[in-house]
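The values are calculated or read from the model by the stated rules, or taken from the named source; none is laboratory data. No experiment lies behind these values; they were computed from the predicted model shown. Backbone-built Cβ (ideal geometry, glycine too); neighbour counts: all protein chains shown.
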There are 2 protein chains.
Amino acid sequence: MARRYVSVKEIAAKAGVSFQTASKVLNGGNVRVSAETAARIMAVAEKLGYRPNTVARSLVQQTTSTIGLITGDLTDGALSQFAVSAEQTARRHEHAVLIGNLAEHDEGGTAVLQMLIDRRVDGIIAAAPQLEGDTAVADLLRRYVPAVSLHHVPGGGVPVVGSNHRDGARLATRHLLALGHTRIGTVTGPFRRHVVRSRLHGYEDALREAGIEPGEDLAVEAAWTPGTAAAATRLLLQRDPEMTAIFVHSDTMAIGVLSALAAARRSVPGDVAVVSCDDMPFAEYLTPSLTSLRVPFAQTGERAVELLLNSIGGQDPPAEPVLLPVQLIVRGSCGSPAPGRPRTRPAHAPAPAPPVTSRTEDS
Amino acid sequence: MARRYVSVKEIAAKAGVSFQTASKVLNGGNVRVSAETAARIMAVAEKLGYRPNTVARSLVQQTTSTIGLITGDLTDGALSQFAVSAEQTARRHEHAVLIGNLAEHDEGGTAVLQMLIDRRVDGIIAAAPQLEGDTAVADLLRRYVPAVSLHHVPGGGVPVVGSNHRDGARLATRHLLALGHTRIGTVTGPFRRHVVRSRLHGYEDALREAGIEPGEDLAVEAAWTPGTAAAATRLLLQRDPEMTAIFVHSDTMAIGVLSALAAARRSVPGDVAVVSCDDMPFAEYLTPSLTSLRVPFAQTGERAVELLLNSIGGQDPPAEPVLLPVQLIVRGSCGSPAPGRPRTRPAHAPAPAPPVTSRTEDS
DNA sequence: ACCTTTTACGCGAACGTTCGTCCACCGCCG
DNA sequence: CGGCGGTGGACGAACGTTCGCGTAAAAGGT
């Protein structure tokens, strides 16, 4: 540990050339050096374990080959899938990722962002829904470096990538309607979130299509946690004991919904059908297995980074939000006639997913 | 966007002083300048929105105030809790976090590590269990900068922080024994992992204490996923249909275990009791609610970073692994007489957790 | 009134690179 | 034999800081 790094000057000295020449051989592109000297330099570098100092390089080249990723709670499965995929594609493009995670109700959105900017990242990916209303953050996002956001940025000017949540919710709700349900409740995330409102719209769209006027009191807000979702479910049950289906906004919340239904002695899907969002890896293994909207988090991460890198490269970003399609994965919890699989599934059967896909407007 | 950064030279020019003086006023510590000039400089800096260029600073100070975090799958709830907490405490100490996440069976352990080192991070936290056997990685970890690891590092020389998994497993198994179970199976992570072996030891310790010789075939390996855990459970059921309890190594796998038990028409905890590990936020809301060993991931992240920063500061790190205690949170799935709570829990009741705590040897 | 101390700032150097220009030498041709 | 193009490499400058020392002018002491 604590070994000194070896610089190009030392290499040069040992190889008997100027350090600039050594630099060119080692890192630069088109050099004009004899094959022998080049080889000699390379040999010395190899022997000494030379590694270019990227911070010095960054200084002169005015680019760090680093992108900043500011996330909401990384503990959330959805966001972490996104982050992992983003990091991976960044790395594939020779970029490192500097991370800034916002704690619970961390007020430090600007602070974290400023820290990334101070470190001269080449671009920023914002994936912190709790910042979607923050204008100070929006200003920073616009001001210094290219950025791509997962959430709506007040004032615009920042390209957005996401999924078509409205269509997804419509799909999910339609599925429940098709199964004959008419009293469909929904356990949502916080109303102030754009995603949540999009999904509410989709849900209402579908109901209206079916000639049902969505009841105000059948949509209950929760805070993305199983606990709050369980509470919301109890409230829903109380408001309309005849309710036969629930559309819930995340798989994690679905766990709470199932828990509350079990506590209320309602069987799923017998008494109440459940459709969820996210399609986390565990969704298939809940009891009953969860019907869920598959949101392409990984793909979103990839797209976001690609967009950002293009933007950094000078290409101008799409003016319209890039919306990836969402897919309804039908399983046991909605009591669909569809799956028809026995309750005991073969070892790893990844559910032959009837892939009712969506695409178009609105994130 | 793409606005030029303003340097200290520009500030100095506009304030009519040398840039070094401006630098001292803006960033340096003990300056000797008149109050007026200082104020003037500050004013100009403020107006122009000066932000020091940390990469230049890093170059001269030979420190980046950045730590590298190399993780296994961040998608895993446990690891992400750790990462979030690590990032947060790093930030609290004015350090940024450069992240390198290893994909599935990413062979690029050394590549990622090298990338962090090339970027001259001040220290590294290794939280990628899949690297625990990698000697090349171990060498890198020892060689350049201080490091702290979550997993065992071949050859030593790197301080380790973790939890006392052996004790934890002992605790869990004892609890099952105390409830009268004698045929206790276990669904584990991959045997090659150190954690897994520690837990197996704890499990066996407890059985032997009770005069039971642990049967080889009652320990089945899975791959941390619900699917593989479900398969493991089926195997267990087949090997010993009389088995009445299962100790499983993660909450995510527990979902698979519950699923397989339900498919086999065994009730939990009636026919089979289940105790798990991790105590993820959702554990409380599974049906039945999951008894689980609470592993202090967040605290581990905090300790790891503190250790690392101390190490960077020149303090020498503990020679022995730092092991944090683990706690058994008793809930419904083990059929303990303990909880005695009605199945319908009050809104947010965070389970009054009988806190059977552990501490001592072995990670 | 002269020397010393302090105050307030300037200045050169360094960190480890990249990039473009400059230059010495060699061989070659007319 | 003088000029010429090409080859191989040196060299200065710059990126934006920090750090220590140097030094004028003002202030204080006797």
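For this structure, a couple of remarks:
- Residues that are among the β-branched types (Val, Ile, Thr) and in contact with a helix residue (DSSP H, G or I) (Cβ under 6 Å, 6 or more places away or on another chain) were ranked within the range A:18-32; the one that is nearest to A:Pro52 (Cα to Cα) is A:Val25.
- Criterion (away from chain B (no Cβ under 14 Å), more than 9 Å from DNA strand D (Cβ to nearest atom) and free of Cβ contacts under 8 Å to residues at least 40 places away in the same chain) met by exactly one of A:Ala35, A:Ala12, A:Ala39: A:Ala39
- Residue-level check: of (1) more than 30 Å from A:Thr225 (Cβ to Cβ); (2) more than 12 Å from DNA strand D (Cβ to nearest atom); (3) modelled with pLDDT of 95 or more, A:Leu69 misses just (1).
- For A:Thr182: the one exception among (1) hydroxyl-bearing (Ser, Thr, Tyr); (2) surrounded by fewer than 17 Cβ atoms within 10 Å (Cβ to Cβ); (3) within 19 Å of B:Pro281 (Cα to Cα): (3)
- Answer residue from the range A:69-93, given it is facing another protein chain (nearest Cβ under 9 Å) and either acidic (Asp, Glu) or more than 14 Å from the chain's Cα centre (by Cα) (or both) and is surrounded by the fewest Cβ atoms within 10 Å (Cβ to Cβ) among those: A:Asp73
- Members of the range B:99-118 found to be surrounded by 23 or more Cβ atoms within 10 Å (Cβ to Cβ) and facing another protein chain (nearest Cβ under 7 Å), listed by number: B:Ile99, B:Asn101
- Of the residues making up the range A:45-61, those that are within 16 Å of DNA strand D (Cβ to nearest atom), facing chain B (nearest Cβ under 9 Å) and either surrounded by fewer than 20 Cβ atoms within 10 Å (Cβ to Cβ) or among the aliphatic types (A, V, I, L, M) (or both) are A:Pro52, A:Asn53, A:Val55, A:Ala56, A:Leu59.
- Yes/no for A:Pro318 being more than 23 Å from B:Thr228 (Cβ to Cβ), modelled with pLDDT under 95 and touching a helix residue (DSSP H, G or I) at 6+ places or on another chain (Cβ under 8 Å): yes
- Residue that is farthest from the chain's Cα centre (by Cα) [pool: residues in the range B:8-54 that are among the aliphatic types (A, V, I, L, M), near DNA strand C (Cβ under 8 Å from one of its atoms) and in a helix (DSSP H, G or I)]: B:Ala35
- Lone qualifier among A:Arg57, A:Arg4 - being within 12 Å of DNA strand C (Cβ to nearest atom), in a loop (DSSP other than H, G, I, E, B) and at negative phi: A:Arg4
- Here B:Thr233 meets the list (1) modelled with pLDDT of 95 or more; (2) surrounded by fewer than 24 Cβ atoms within 10 Å (Cβ to Cβ) almost entirely, failing just condition (2).
- Among the residues making up the range A:199-234, a single one is farther than 23 Å from A:Asn164 by Cα and touching a His at 6+ places or on another chain (Cβ under 6 Å): A:Gly227.
- If the condition is being within 13 Å of chain B (Cβ to nearest Cβ) and free of Cβ contacts under 8 Å to residues at least 40 places away in the same chain, then the range A:260-280 contributes A:Ala260, A:Leu261, A:Ala262, A:Ala263, A:Ala264, A:Arg265, A:Arg266, A:Ser267.
- Within the range B:220-256, tally of residues that are under 25 Å from the mean Cα position of the chain (by Cα) and either away from every other protein chain (no Cβ under 13 Å) or closer than 20 Å to B:Gly180 by Cβ (or both): 6
- Any chance A:Val6 is in contact with a Gly (Cβ under 8 Å, 6 or more places away or on another chain), crowded, with 20+ Cβ neighbours inside 10 Å and within 14 Å of chain B (Cβ to nearest Cβ): no
- The range B:15-32, residues that are within 8 Å of DNA strand D (Cβ to nearest atom), touching a residue at least 24 places away in the same chain (Cβ under 8 Å) and buried (at least 17 other Cβ atoms within 10 Å of the Cβ): B:Leu26
- Hits in the range B:182-212 (condition: in contact (Cβ under 8 Å) with a residue 60 or more places away in the chain, part of a helix (DSSP H, G or I) and more than 26 Å from B:Ser149 (Cα to Cα)): none
- Members of the range B:45-61 that are without any contact (Cβ under 8 Å) to a residue 40 or more places away in the chain and either aromatic (Phe, Trp, Tyr) or farther than 16 Å from B:Arg4 by Cα (or both): B:Arg57, B:Leu59, B:Val60, B:Gln61
- Search result, residues across the range B:281-318 that are without any contact (Cβ under 8 Å) to a residue 60 or more places away in the chain and of a type in the set (A, V, I, L, M): B:Ala283, B:Leu286, B:Leu290
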